[in-house]
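The values are calculated or read from the model by the stated rules, or taken from the named source; none is laboratory data. Just so it is clear, the structure is predicted and the values come from calculations on it, not from any experiment. A quick note on method: Cβ atoms are made from the backbone with ideal geometry, for glycine too, and the neighbour counts reach across all protein chains shown. Surface areas here come from the heavy atoms of the whole protein model, side chains and all, with no ligands, DNA or RNA. Shrake-Rupley method; radii C 1.70, N 1.55, O 1.52, S 1.80 Å.
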Amino acid sequence: MNDWVGCLGGYPGVQTPNIDALARRGVLFRDAHCSSPVCNPSRTALMTGKRPSTTGVYRNSQYWRPAHPDIKTLPVFFRENGYHVAGAGKIFHHVAGFNPPDQWDDFQIQEFDDPWYRRLSYYPWIKKIPNPPGHPFNGMAGDNFAGEFDWGVLPNRPERTYGDMAAVRYGQEFLKRDHDKPFFLAVGLWHPHIPLFAPQNYFDLYPKEEVRLPEVPGNDLDDIPPIAHKWAAVRRAEHERILREGKWTDGVQAYLACISFADAMVGYVLRALEESRYAENTIVVFWSDHGWHLGEKRHWHKSTLWQRSTHVPMIWAGPGVHHAGLDRKQPVELLDIYPTLADLCGLHKPHDLEGASLTPQLRDAGAKRRPAVTTYLPDNHAVVTEKWRYIRYADGTDELYDRVNDPNEWDNLTGEPHYASLKQRLVYWMPETSVPEVPGRDAYDFDFDSYTWTKK
């Protein structure tokens, strides 16, 4: 989920009443950023409290557990402090091998809307079925468009049968139960991850004739370095085909529908909390793992160091949150969630966490803090302040954007000599080194039944 939620204003007219209500009763961090613009590295960083440059987890294809068997993750930290720890859906990465059972007292694995597409080797718990009638639902045949990059309404599928609703029900039932110890509950929603499937009523919220497309200047990529060109061109064929077949509006409509569907599911869980005996003493954190391009910079998907990929929603509500309804404007990171939860719960956090606790900002809306940092692959970093975004790539090339006067990042200012000292000040916040990448999945034989990895 990128910033296309009502309280962030990323797309005027998007309908997210439940997320917006949570922001009003809590604190919205308007300028929150992921640690890496990819699912697995972002979630690994949040859940371990360590940057990709420290763990070596830079890609979706890299297991964190065999590379760091002794690392104390967020759920393990709470278990060791006497909490009952439960989760459902996409918390760590969703592929087999990323949610070790010893991390949780109880965990419900991700259910998918598209079992016909999933590789059984990646998802051994699913039963693969034939392609359903009408597939692909976006009308564009082909490997990607018939699988991960499909969108539309699944035929004869009521809302309650969508995969994410299983995680919602898990959360609802958990909150109805009597608990004799404090708990940590993680409810992971897939939406609006691709494929973009949602019930028809959510598509109806966005008539095609009213859908607004992102603005993409023809010369937008003229002033960026080769690495940025390379990243923006990844899966460029999908973007070009969408344009060629006149499907851009359809794709944006589907993304909006999935955001509103996700918002409805957030509402189901929050209402269950409100109706429970835990409503007054439960901290709520709402977050997304990274942003999303929908054609900006001629790019779909993620995996860039621009605003579209790094900017995410983050909302805190409940005990320890002061001045509810007053947005916080300081740049912050998802990496900050781990130490903040420890502080709010009065627990002694691990000394090696790399995030900075948000408790000063939760108490005082004007409290100062360091810039936010995002990493994509080794030695590529973006530093974000309220005024600037500075990107430096592994080969030393760079980009500099004035976020106040150029929020779409269309004008790279890095070539102007008078910004040299500014860039040096921003480089200070980047990791000094990036450790090598840990081995990928292909380096291991993974056994799902015993949940063990054997190095090949």
Practice item. Say whether the condition of being surrounded by fewer than 18 Cβ atoms within 10 Å (Cβ to Cβ), in contact (Cβ under 8 Å) with a residue 40 or more places away in the chain and out of contact with any Pro (no Cβ under 8 Å at 6 or more places or on another chain) is met by at least one residue in the stretch 251-265. Key: no
Output for Cβ contacts, cut-off 6 Å, separation at least six or different chains, first residue on the phi < 0 side of the Ramachandran plot in the stretch 428-439, second charged (D, E, K, R) and at pLDDT 95 or above, reads 434/379
Within the stretch 308-333, the residues that are open to solvent by 30 Å² or more (accessible area, probe 1.4 Å) and either of a type in the set (S, T, N, Q) or touching a Phe, Trp or Tyr at 6+ places or on another chain (Cβ under 8 Å) (or both) are 308, 327
Of the residues in the stretch 354-372, those that are under 25 Å from residue 72 (Cα atoms), in a loop (DSSP other than H, G, I, E, B) and open to solvent by less than 50 Å² (accessible area, probe 1.4 Å) come to 355, 356, 357, 358
In the set 101, 130, the lone residue that is in contact with a Phe, Trp or Tyr (Cβ under 8 Å, 6 or more places away or on another chain), under 28 Å from residue 203 (Cβ atoms) and open to solvent by 60 Å² or more (accessible area, probe 1.4 Å) is 130
Given (1) outside any helix (DSSP H, G or I); (2) open to solvent by 10 Å² or more (accessible area, probe 1.4 Å), residue 240 misses just (1)
Taking first residues from the stretch 129-149 that are among the hydrophobic types (A, V, I, L, M, F, W, C) and second residues anywhere that are open to solvent by 60 Å² or more (accessible area, probe 1.4 Å), the pairs with Cβ under 7 Å that are 6 or more apart or on different chains are 140/245
Across (1) in contact with a Pro (Cβ under 6 Å, 6 or more places away or on another chain); (2) modelled with pLDDT of 95 or more; (3) of a type in the set (Val, Ile, Thr), residue 187 clears everything bar (1)
Residue 169 - would you say it is within 30 Å of residue 338 (Cβ to Cβ) and more than 26 Å from the chain's Cα centre (by Cα)? no
Flagged pairs (Cβ under 7 angstrom, 6 or more apart or on separate chains; first in the stretch 321-346, under 26 Å from residue 403 (Cβ atoms); second hydroxyl-bearing (Ser, Thr, Tyr) and assigned to a loop (DSSP other than H, G, I, E, B)) are 331/385; 333/35; 334/35; 335/35; 336/357; 339/357; 340/357
